[in-house]
Amino acid sequence: MSVQAVQSPQHNVDAVIIGAGFAGLYQLYLLRKQGLNAQVLDFASGVGGTWYWNRYPGARTDSPSDVYQYFFSDELLAEWDWSERYTPQAETERYLNWVADKLALRPNITLNTRVTSAHWDEAARRWTLQTDTGETWSAKFVVSCLGPLTALVAPTFPGQDSFKGRILHTARWPKEGVPLEGKRVGVIGTGATGIQVVQTIAPQVKELTVFQRTANYAIPIRNPRYSDAEKRAIHDTYPALKKKIWNTFVGFQWELDPRNWADVSKEERNALLETYWADGSLRMWVGGFREFLSDPAVNAEVSEFVRNKIRARIHDPETARKLTPSTYPFGTHRVPLENGYFDAFNRPNVHLVDIKADPIQELTPTGLKTQSGAEYPLDVLILATGFDAGTGAITQIDIRGRGGRSLKELWSRDLRTAMGMQVHGFPNLFLTSSPLTPGAAFCNAPICIQHDVEWIADCIARLEQRGAKTIEPTAQFEEAWVKHHDEVASTTLISKEKSWYTGANIEGKTSRLIGYPGVDEFRKACDAVKAKDYEGFEIA
Ligand code: N01
């Protein structure tokens, strides 16, 4: 009897793009337009990336919808209207599906396919990728469009297997939804995600217990629905926005006030803080004065302003004390927008547990127990516990560059990139929104994505034009970028605090500010490299 070997499908393309979110869709569009045979692989069953996965109750953007979209096509801009100032998850997911159809991208997108490894073949000067579906892809170029917030942080607790209720991570929320009405629900995590969940489900559930480790400086959102006339008026602002947005600090519509805080009178300072606050946006954080995030004394004034606003919202003084951040300065952790979050704790069915004072001990068959012995009966436990940011998703893939070097190993020793676009030792591997760029943490995501994707597409076009086979940053250029990044990072208060921005939410992770602060300066640096025909990169 002969056994026939089963041949796994082999594909040969010019470029594999990993991820079908904002970045992957646009990268595919551009590379295909340049005549490349490119394919997107994504482990989700639909396009949308972040907006495919994060469908938890209350998920919506913290970036205004007019700047949270593609700007590269006047046709796309003209044909899409946003319904609210801040777009709910379903609408952004619909938008990305609409773009995929409009640009006829789907024939080059393979879903339900996880890339498990990518190995550089020095002789062929190509990458070989394996997937969990048993397929092999050979490609000259690989572009990671995995997104900086993709790999989950999902803590496990003693006794977890005995828990008879349901445990859900916000970034794996079931498509069919989860009925929470009448249930006793626990939420662990009070970052941007936990806040949106809590404020949304508080009126629906029977009992809601929020397990808080760190309180958050959240700003009340102002989120009007747009009338038809307002939608038309927003379209009129696009040409000016397009010119301005890449020249701002974080890719929003606001520019920093060029004055020094000390040169502004006390009255005007108060009026400015009230204006930023009333804007119902992240302007208070990233559209005010540079010193808010660099000068401890100025920051202290802003922090106290925000703390007073928070305290005033909560009836019970002890709950107010717990919900008011006191252990770190305003803006050094991600600032969320909220819509009734603090007020939720004035409801009789919402309870706050300070798990720094009384840590979680275990899950029991019926709920959660803390070290003091207190027990909280739960039907559902929601983990809003965040992500292994910047590096997590890409290092889940076994990536081996020249001489078999592992990206995971390299980054576990020292987190480094060459302007975020590439890593020395990994030819023809491009990264988007990656460590040491604004897109990893300090940017209105679609804006930095569009920048990175265009830079990569231009670079690949130039290589093809020269008939070159490979591009890779020199070790010297990478070293210079890391040094420059560290210098810029050290001027911010953010780099001195423990948060996912500095890798502190993952035990043992290399500590380095994950994002480069300054979209405008980053863009100039990338433009300069391109203008000098990719100086600092070896083309062969
Ligand atoms: O995650 P986070 P996120 N036991 O890491 C706690 C973007 N985003 O999903 O602070 C107990 O911020 C942790 O506590 P602590 C946005 O960029 C955007 O909320 O480490 N608690 C923290 O409270 C955002 O920054 C939008 O002490 C544990 C929380 O879980 C990023 O995604 C909406 C724990 C994690 O907060 C991540 O936000 C949502 C443990 N073992 C998200 N582990 C919008 O644009 C973690 N925690 C609206």
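The values are calculated or read from the model by the stated rules, or taken from the named source; none is laboratory data. Keep in mind that what you see is a predicted model, and the values were worked out from it rather than measured. Cβ sites come from the backbone with ideal geometry, for glycine too, and all protein chains shown count toward neighbours.
Below is a table of values for the structure above.
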| item | result |
| --- | --- |
| Any strands (runs of 3 or more DSSP E) falling wholly within region 39-145 and containing at least 2 residues that are small (G, A, S), crowded, with 21+ Cβ neighbours inside 10 Å and modelled with pLDDT under 95 | none |
| Scope region 314-349; condition assigned to a helix (DSSP H, G or I) and within 16 Å of the ligand (Cβ to nearest atom); matching residues | K322, L323, Y341, F342, A344 |
| Qualifying residue in region 222-243 (condition: within 16 Å of the ligand (Cβ to nearest atom) and farther than 30 Å from K369 by Cβ) | yes |
| Odd one out for L352 among (1) away from the ligand (no atom under 14 Å from the Cβ); (2) of a type in the set (A, V, I, L, M, F, W, C); (3) over 24 Å from S433 (Cβ atoms); (4) not in a helix (DSSP H, G or I) | (1) |
| All positions within region 407-434 that are without any contact (Cβ under 8 Å) to a residue 60 or more places away in the chain and closer than 24 Å to L31 by Cα | V423, H424, G425 |
| Residues of region 70-91 satisfying the condition of being among the hydroxyl-bearing types (S, T, Y) and more than 16 Å from the ligand (Cβ to nearest atom) | Y70, S73, S83 |
| Residue count for region 342-354, restricted to those that are of a type outside the set (D, E, K, R) and surrounded by fewer than 18 Cβ atoms within 10 Å (Cβ to Cβ) | 4 |
| Residues of region 368-399 satisfying the condition of being surrounded by fewer than 21 Cβ atoms within 10 Å (Cβ to Cβ), part of a strand (DSSP E or B) and away from the ligand (no atom under 16 Å from the Cβ) | E375, P377, V380, D398 |
| Tally of residues being near the ligand (Cβ under 6 Å from one of its atoms), assigned to a helix (DSSP H, G or I) and either β-branched (V, I, T) or in contact with a Gly (Cβ under 8 Å, 6 or more places away or on another chain) (or both) across region 184-195 | 1 |
| Near pairs, Cβ below 9 angstrom, 6+ apart or cross-chain, from region 391-406 (on the phi > 0 side of the Ramachandran plot) to any residue that is part of a loop (DSSP other than H, G, I, E, B) | G403/E122; G403/G425 |
| Region 317-341, subset in contact (Cβ under 8 Å) with a residue 40 or more places away in the chain and among the β-branched types (V, I, T), residue surrounded by the fewest Cβ atoms within 10 Å (Cβ to Cβ) | T327 |
| Considering residues of region 146-183 that are outside any loop (DSSP other than H, G, I, E, B) and β-branched (V, I, T) only, the residue surrounded by the most Cβ atoms within 10 Å (Cβ to Cβ) | T170 |
| Where a residue in region 25-38 is modelled with pLDDT of 95 or more and its partner, wherever it lies, is assigned to a helix (DSSP H, G or I) and of a type in the set (S, T, N, Q), with Cβ under 7 Å and at least six apart | Y26/Q450; L28/N108; R32/N108; A38/N108 |
